Amino acid sequence: MDKASHLSVILDLSPTQWQLSAQSNVSHPLTLSTFVSHLLAFLNAHMACKDDNSLAVFGALPGKSVMLYSTTTPMDEKAVAADANTYRPFKILDTTITQTILDQIESISDNDVEAPIDIVGALTKSLCYINRVTNPANSRSEDATLLPDPRILIVSVSPDQSSSYISVMNSIFSAQKLKVTIDVCKLHVADSVFLQQAAHLTGGSYISIERPDALLQFLMMSFLPPPSIRQLISVPTQDKIDFRAACFCHKNIVDIGFVCSVCLSIFCQPVPVCSTCQTKFPMKTLLRLKAAHPHTPPPGTPPLRSGTPANSLPRSTSIAPGGTPRQVSNGNPNMLPVARSNTSATR
Amino acid sequence: MPPRRINDSYMDVDSDESDVSILDDDAGPRKSKGKGKAIDRGRDKGKSKVKEQPYAWEASYVRSWDTVQEDERGSLQGAVQDLIARGRRKRLLAPAAAIRRTIIRHLIILLDLSSSMMDRDMRPTRFDLTLQYTREFITEWFDQNPLGQIGIVGMRSGIGERIGEMSGNPQEVLKSISERHKLEPNGEPSLQNAIEMARSSMSHLPTHSSREIIAIFGSLTTCDPGNIHDTLDECVKDRIRISMVALAAEMKICREICDKTGGQFSVALNEGHFKDILFELIPPPAQRAVPRASGPGINPAADLMVMGFPTRLPVTSPPALCVCHSELKSEGFLCPRCSAKICDVPTDCDICGLMIVSSPHLARSYHHLFPVKPYQPVMTMEGVAYPASACHGCAVPFREIATPAGSLATDGMSPLGRYRCPECSNDFCGDCDVFVHDVVHCCPGCGK
Ligand SMILES: [Zn+2]
Ligand SMILES: [Zn+2]
Ligand SMILES: [Zn+2]
Ligand SMILES: [Zn+2]
Ligand SMILES: [Zn+2]
Ligand SMILES: [Zn+2]
């Protein structure tokens, strides 16, 4: 741990999901305030590890994303009351983050509550921020070896939004280019196909936490050490990765798709013309594909029915229950049974 | 069996066609002969811009520092700003149309690691320059061929050396050639051994993928254990396309290999030309007239393909037999249609014939399809009631006062350092503007 490390934390602050999470009929309820107290302990630990460690916290809210805190923005330190029992920098950090989270949640209007969570905005912002702090031209020291090791931790409570597939993938590839590790901490909801891929492709860990009330322990044991020393302390690795993609026509998540050979757009059913690059496909191919997949709904069928990708061949029921539509849209709980059955298939 | 030394004049005896540029084995006159040949080539085949260029080792001193101009105060700031502005303008002019991609390419790069690579006719040495250009080539190649895979084989001490396994991850490929000291040139190269090694690692590939070899060859001899013409025939049979970039001079056997397999052969005149001819090999090769096994009715230009996106099993999963090698393995991929276990993707499922690719490979090209709209430079803050105080991307505070317009004569630059997204009307700093358009390809404000 000779190098300083920069940590960008992305908090999923979906009011709906946190409401669900706090309900007492959930097996292990976790309220937002308990979550914040666990998180602050973790952030303090990160700052305490090394003097030069830096931190940025981003919030993903319905329809927007904001930077909640960063070590580089000057703070109004006088606004924070002194506390004899707390190390002052920690106190400032804790107070600022708690306050900004409260402010942001207060500012959500009732109409916005159901808007999709802007996880992409928060992710791209954190990448822009990392791009700035790791750029040798902007750093005080000329020595490139003194630049911090960047990583991102996403704490996610919402299901995937398949409409953001392309943006998430683009963010993942830019993280790869910047050599940023993306860690994912998933609470409550079913596995996220996109975030699994994010962690896998950037060499981070994806941990789905079954006991949210033990969150702090997971954070400390798995996400505190920087990636460079993770091999030595054997952090839990990903169980299995789902490489499904979202189709361009209905934003359904598909496991078998029809791909345009020119632009590589994915469709969930045979289409005569590529909607992205306007390429016309040969009639022969179309007829052949339609013959091979006779149950494919004709184009124009509502997206819900076409959720099952065109595959008439017998398939193992342990992989996907026959009739279950594999459509996942924002807040659609259909994702849950599919993901569970996927897991059971391999064990 | 120890490698038998075969030089080119010997190979020429084998073929009935005579060539004026037979290369001698002894080192003495080789350069002058090679030079004569290459300049001939430059005249009849090369582009007009390289016609007058001499060989790298003939050229005089290049004063590279003369190209950077300081301004009156002796600062480089102006030159740097100019570069940035040029980049911005180029982006504004770029066409928004979709770029044509190819399907699946497989490429093995053969690097000559023989002692002839230590020649200094290309600065700093042939070897260092090759490494540098190969790195740039790999990055660019993956950008244009998102579903492609690259493997690297070295030619050193008479044997072929596997340096990097076939991989679709640019970082992994780059890592395999990142350590210079592990690639230190030594001994004689063996073209046959290296091609055989490359051929064997491409034998399992599905029919729809291309098989290509690009050799960067600095030596004038090859030291082979058998008849290289047999290897050549095998490559033609396997439809492997071999292209070569020679750093020294043309060799008859090299040209023959490239011609027979449908590849390109060129001799690098100097550093710049070397890069040009190497990068000419990045765009996908034209479809060969030979009708493919998949049937003559298919239009090669555009088609709809069925692809499956697999599930990856971790190392910790219970071992099971794979369908491709019948080996007991933990890791692997599951075919989404028939749940067969497959060792590696992309491939065709052995059970149901589905083409299986990993979706991230497809996704790597999507930023070409949906580019971020260029941000507009903000020229004045008048009329804006509550201007954002910080960049919407990286939260760096904007400067309050505009820099005087005189010092920023270059167009496309905002005097306030603000660039606005036309979709979401958020302001971004210059750094983020470049970063969003060149790397992220997704606006932090609107996600488009
Ligand atoms: Zn669709
Ligand atoms: Zn297309
Ligand atoms: Zn196998
Ligand atoms: Zn199969
Ligand atoms: Zn910025
Ligand atoms: Zn925007």
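Does B:Ser358 count as hydroxyl-bearing (Ser, Thr, Tyr) and within 25 Å of the chain's Cα centre (by Cα)?
Judged against the criteria, B:Ser358 is a match.
Can you tell which of A:Ser275, A:Ser205, A:Ser261, A:Ser265 is free of Cβ contacts under 8 Å to residues at least 40 places away in the same chain and under 23 Å from B:Leu313 (Cβ atoms)?
A:Ser205
Per-residue answers, yes or no, for (1) at pLDDT below 80; (2) within 16 Å of ligand 2 (Cβ to nearest atom); (3) crowded, with 22+ Cβ neighbours inside 10 Å; (4) under 30 Å from A:Asp149 (Cβ atoms):
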| position | (1), (2), (3), (4) |
| --- | --- |
| A:Met283 | no, no, no, no |
| A:Leu286 | no, yes, no, no |
| A:Pro294 | yes, no, no, no |
| A:Pro298 | yes, no, no, no |
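Of everything in the range B:319-360, what is within 8 Å of ligand 4 (Cβ to nearest atom) and either among the small types (Gly, Ala, Ser) or assigned by TED's automatic domain parsing to the domain that holds B:Met166 (or both)? Give them in sequence order.
B:Ser339, B:Ala340, B:Gly353
If I go through the range A:105-116 residue by residue, how many of them are modelled with pLDDT under 85 and either touching a helix residue (DSSP H, G or I) at 6+ places or on another chain (Cβ under 9 Å) or among the acidic types (Asp, Glu) (or both)?
Residues in the range A:105-116 being modelled with pLDDT under 85 and either touching a helix residue (DSSP H, G or I) at 6+ places or on another chain (Cβ under 9 Å) or among the acidic types (Asp, Glu) (or both): 4 in total.
For A:Val184, state whether it is without any contact (Cβ under 8 Å) to a residue 60 or more places away in the chain, under 15 Å from the mean Cα position of the chain (by Cα) and under 27 Å from A:Lys125 (Cα atoms).
It is true that A:Val184 is without any contact (Cβ under 8 Å) to a residue 60 or more places away in the chain, under 15 Å from the mean Cα position of the chain (by Cα) and under 27 Å from A:Lys125 (Cα atoms).
Mind checking which pairs have a first residue in the range A:126-143 that is on the phi < 0 side of the Ramachandran plot and at pLDDT below 85 and a second that is outside any helix (DSSP H, G or I) and surrounded by fewer than 20 Cβ atoms within 10 Å (Cβ to Cβ), Cβ under 7 Å, 6 or more apart or different chains?
Every condition considered, the pairs that remain are A:Thr134/A:Leu147; A:Thr134/A:Pro148; A:Pro136/A:Leu147; A:Ser139/A:Leu147.
Just checking, does the range B:212-231 include any residue being closer than 30 Å to A:Cys268 by Cα, over 25 Å from the mean Cα position of the chain (by Cα) and at pLDDT below 90?
no
Inspect all residues belonging to the range A:218-228 and state whether any of them is out of contact with any Cys (no Cβ under 9 Å at 6 or more places or on another chain), within 13 Å of chain B (Cβ to nearest Cβ) and not aromatic (Phe, Trp, Tyr).
The answer is no; no qualifying residue exists.
Among the numbered conditions (1) out of contact with any Ser or Thr (no Cβ under 6 Å at 6 or more places or on another chain); (2) outside any strand (DSSP E or B); (3) away from ligand 2 (no atom under 16 Å from the Cβ), tell me where A:Gly204 comes up short.
That leaves (1) as the condition not met.
The rows are residues; the columns are (1) touching a strand residue (DSSP E or B) at 6+ places or on another chain (Cβ under 6 Å); (2) on the phi > 0 side of the Ramachandran plot; (3) surrounded by 16 or more Cβ atoms within 10 Å (Cβ to Cβ).
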{"position": "A:Ala48", "(1), (2), (3)": "no, no, no"}
{"position": "A:Val57", "(1), (2), (3)": "yes, no, yes"}
{"position": "A:Arg88", "(1), (2), (3)": "no, no, no"}
{"position": "A:Leu93", "(1), (2), (3)": "no, no, yes"}
{"position": "A:Ile105", "(1), (2), (3)": "no, no, no"}
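Does at least one position in the range B:191-210 carry a residue that is touching a residue at least 60 places away in the same chain (Cβ under 8 Å), assigned by TED's automatic domain parsing to the domain that holds B:Gln132 and within 23 Å of B:Asp121 (Cα to Cα)?
For the range B:191-210, residues touching a residue at least 60 places away in the same chain (Cβ under 8 Å), assigned by TED's automatic domain parsing to the domain that holds B:Gln132 and within 23 Å of B:Asp121 (Cα to Cα): present.
Take the conditions of a type in the set (S, T, N, Q), surrounded by fewer than 24 Cβ atoms within 10 Å (Cβ to Cβ) and at pLDDT 90 or above and apply them to A:Gln217. Does it pass?
The answer is yes for A:Gln217.
Which of the residues that make up the range A:254-275 are closer than 17 Å to A:Ser163 by Cα and over 26 Å from the mean Cα position of the chain (by Cα)?
A:Ser275, the sole residue that qualifies.
To keep it simple, each residue is scored yes or no on (1) away from ligand 2 (no atom under 16 Å from the Cβ); (2) within 21 Å of B:Val357 (Cβ to Cβ); (3) assigned to a loop (DSSP other than H, G, I, E, B).
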| residue | (1), (2), (3) |
| --- | --- |
| A:Leu232 | yes, no, no |
| A:Val235 | yes, no, yes |
| A:Phe248 | no, yes, yes |
| A:Lys251 | yes, yes, yes |
| A:Cys263 | no, yes, yes |
| A:Gln269 | no, yes, yes |
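Matching residues to (1) within 14 Å of another protein chain (Cβ to nearest Cβ); (2) in contact with a helix residue (DSSP H, G or I) (Cβ under 6 Å, 6 or more places away or on another chain); (3) in a loop (DSSP other than H, G, I, E, B):
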| position | (1), (2), (3) |
| --- | --- |
| A:Leu43 | no, no, no |
| A:His46 | no, no, no |
| A:Phe58 | yes, yes, no |
| A:Thr73 | yes, no, yes |
| A:Asn85 | no, no, yes |
| A:Phe90 | no, yes, no |
| A:Asp94 | no, yes, no |
| A:Asp103 | no, no, no |
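Collect the residues in the range B:335-385 that are away from ligand 3 (no atom under 16 Å from the Cβ), away from chain A (no Cβ under 11 Å) and not basic (Lys, Arg), keeping them in residue-number order.
Within the range B:335-385, B:Pro374, B:Tyr375, B:Gln376, B:Pro377, B:Val378, B:Met379, B:Thr380, B:Met381, B:Glu382, B:Gly383, B:Val384, B:Ala385 meet the criteria.
Any residue in the range A:110-117 that is part of a strand (DSSP E or B), surrounded by 13 or more Cβ atoms within 10 Å (Cβ to Cβ) and in the same structural domain as A:Arg211 (by TED's automatic domain parsing)?
Checked the range A:110-117: at least one residue is part of a strand (DSSP E or B), surrounded by 13 or more Cβ atoms within 10 Å (Cβ to Cβ) and in the same structural domain as A:Arg211 (by TED's automatic domain parsing).
The values are calculated or read from the model by the stated rules, or taken from the named source; none is laboratory data. Please read all numbers here as calculations on a predicted model, not as lab measurements. So basically every Cβ, Gly included, is an ideal-geometry build from the backbone, and we count neighbours across all protein chains shown.
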